[in-house]
Amino acid sequence: MTDSRFQRLTALRDALARADLDALLVTSLANIRYLTGFSGSNALVVITAKESLLLTDFRYATQVQAEVGAAATIRIEASNLWAGLWAHLTASPAIARLGFESFHMVHRDFQRLLEQGARWQWRPTTDLVEVLRVCKDSDEVAKIERAVAIAEAALHATLPQIRRGLSETQLAGILEHNLRDAGSEAFPFASIVASGPRSALPHARASERELHAGDFVLLDFGAVYEGYCSDITRTVVLGSASEAQRDVYAIVREANARASGAIRVGMPGMAADAVAREYIDARGYGEEFGHSLGHGIGLEIHEAPRLAKSIDAPLLAGTVVTIEPGIYRAGWGGVRIEDDVLLTDNGPRLLTSFARDLIEID
């Protein structure tokens, strides 16, 4: 087993002991990958004080051996993973009090616990594994950096292909094709391409709207490398930018730079958010910045911590977060500039390097 997985499982077992649990049933696929290395789409994992058991099906019989190794005992179930789980628990009399991941369990599976699993004591848990995932180790950071590099390479390839008459959907297809060509194994979310007035929609879906001269074109996308995500936004202008566009862009650019430079280990999430928010508000656009400053990224595109005005928890070293201020004027357009930042004890380190100056595309 790799040292990182051993350390993660040890930390989780310590958390189980503090919670007075004999075991934890892990159903989140991201958490299963974090703990065992398994990247398949169907698995259950049981973690006890002494062992880890992973149940999956025949489709992954070869893959699971290669990915998991000594991190867990592997069982290939011919029929149903839950039947295998009940058989294992029945044969393990020391297991009586089990936690389940309440945030990730669908109601159908919860019913299984109440009906088929009624002989055991089930207790809801929250974020036992997610807390461990907040601080990335050096291997995780390297994978995120690679995902950032892939995304930036795709953006470099995409910008010269932006032209008048292209639809947002077509541009999204070009971008995602370039992401694949650059080495992205998946898309962490549906790429956002929004142009003209639609760029004022922070999470717009790409539409059939055609790009026109003078449009803002907002591109929010990411790459995935060995399971780890990047998340980048750049906003460009098709043709020559107006004075109003330059002014709004400059405000967002400065808010991004201030927050990226000021964020520190130990700073509450709300304080990081305030750096960008107060600057935008002082320029008269506070009402047009309606979302939080950023979020953690890793095996999932949205992880802890959050950089928001309601979050007072201190930021930790090893966290990778997005810094994504924006201004969105309904009916006119919007600007967002998003970077990925690693927090270290020596200060923030920008993982994204793509130009933040306003780009005008002929």
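The values are calculated or read from the model by the stated rules, or taken from the named source; none is laboratory data. Computed from a prediction, not measured in an experiment: that's the story for all the values here. Neighbour counts are summed over all protein chains in view; Cβ atoms, including those assigned to glycine, are modelled from backbone coordinates with ideal geometry.
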Among (1) out of contact with any Phe, Trp or Tyr (no Cβ under 6 Å at 6 or more places or on another chain); (2) buried (at least 19 other Cβ atoms within 10 Å of the Cβ) - the single one Ala30 does not satisfy: (2)
Hits in region 42-80 (condition: surrounded by 13 or more Cβ atoms within 10 Å (Cβ to Cβ), among the hydrophobic types (A, V, I, L, M, F, W, C) and without any contact (Cβ under 8 Å) to a residue 24 or more places away in the chain): Leu54, Ile74, Ile76
Scope region 289-334; condition of a type in the set (A, V, I, L, M, F, W, C), assigned to a loop (DSSP other than H, G, I, E, B) and in contact (Cβ under 8 Å) with a residue 60 or more places away in the chain; matching residues: Ile297, Leu299, Ile301, Leu316, Ala317, Ala330, Trp332
Yes/no for Ala244 being at pLDDT 95 or above, outside any loop (DSSP other than H, G, I, E, B), farther than 30 Å from Ser184 by Cα and assigned by TED's automatic domain parsing to the domain that holds Ser167: yes
Residue match in region 81-96 (condition: under 24 Å from Asp14 (Cβ atoms), crowded, with 19+ Cβ neighbours inside 10 Å and among the aliphatic types (A, V, I, L, M)): yes
Failed criterion for Ser39 (all others in (1) in contact with a Lys or Arg (Cβ under 6 Å, 6 or more places away or on another chain); (2) surrounded by fewer than 13 Cβ atoms within 10 Å (Cβ to Cβ) hold): (2)
Total residues in region 170-197, condition free of Cβ contacts under 8 Å to residues at least 60 places away in the same chain and over 18 Å from Ala223 (Cα atoms): 2
Residue match in region 274-285 (condition: in the same structural domain as Phe187 (by TED's automatic domain parsing), under 30 Å from Asn178 (Cα atoms) and aliphatic (A, V, I, L, M)): no
When residues of region 127-143 are limited to those that are in a loop (DSSP other than H, G, I, E, B) and of a type outside the set (A, V, I, L, M, F, W, C), the one nearest to the chain's Cα centre (by Cα): Lys136
Filter pass, Ala204 being over 30 Å from Thr27 (Cα atoms), in a helix (DSSP H, G or I) and under 20 Å from the mean Cα position of the chain (by Cα): no
Filtered residue count, region 339-362, keeping only those that are surrounded by fewer than 21 Cβ atoms within 10 Å (Cβ to Cβ), assigned to a strand (DSSP E or B), in contact (Cβ under 8 Å) with a residue 40 or more places away in the chain and out of contact with any Lys or Arg (no Cβ under 6 Å at 6 or more places or on another chain): 5
All positions within region 219-252 that are of a type in the set (A, V, I, L, M), buried (at least 24 other Cβ atoms within 10 Å of the Cβ) and either farther than 26 Å from Asn178 by Cα or touching a Lys or Arg at 6+ places or on another chain (Cβ under 6 Å) (or both): Leu219, Val248, Val252
Some residue of region 61-78 being assigned to a helix (DSSP H, G or I), among the β-branched types (Val, Ile, Thr), farther than 16 Å from Ala30 by Cβ and touching a strand residue (DSSP E or B) at 6+ places or on another chain (Cβ under 6 Å): yes
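Yes or no, residue by residue, for (1) over 21 Å from Asp339 (Cβ atoms); (2) assigned by TED's automatic domain parsing to the domain that holds Arg13; (3) more than 22 Å from the chain's Cα centre (by Cα):
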site	(1), (2), (3)
Glu115	yes, yes, yes
Ala118	yes, yes, yes
Gln121	yes, yes, yes
Thr125	yes, yes, no
Glu145	no, no, no
Ala151	no, no, no
Gly165	yes, no, yes
Thr169	yes, no, yes
Cβ-Cβ under 7 Å pairs, at least 6 apart or on other chains, region 138-160 side over 25 Å from Leu358 (Cα atoms), far side modelled with pLDDT under 95 and surrounded by fewer than 20 Cβ atoms within 10 Å (Cβ to Cβ): Asp139/Ser4
Subset of region 171-209 (residues that are out of contact with any strand residue (DSSP E or B) (no Cβ under 9 Å at 6 or more places or on another chain), surrounded by 16 or more Cβ atoms within 10 Å (Cβ to Cβ) and more than 25 Å from Val252 (Cβ to Cβ)): Ala182
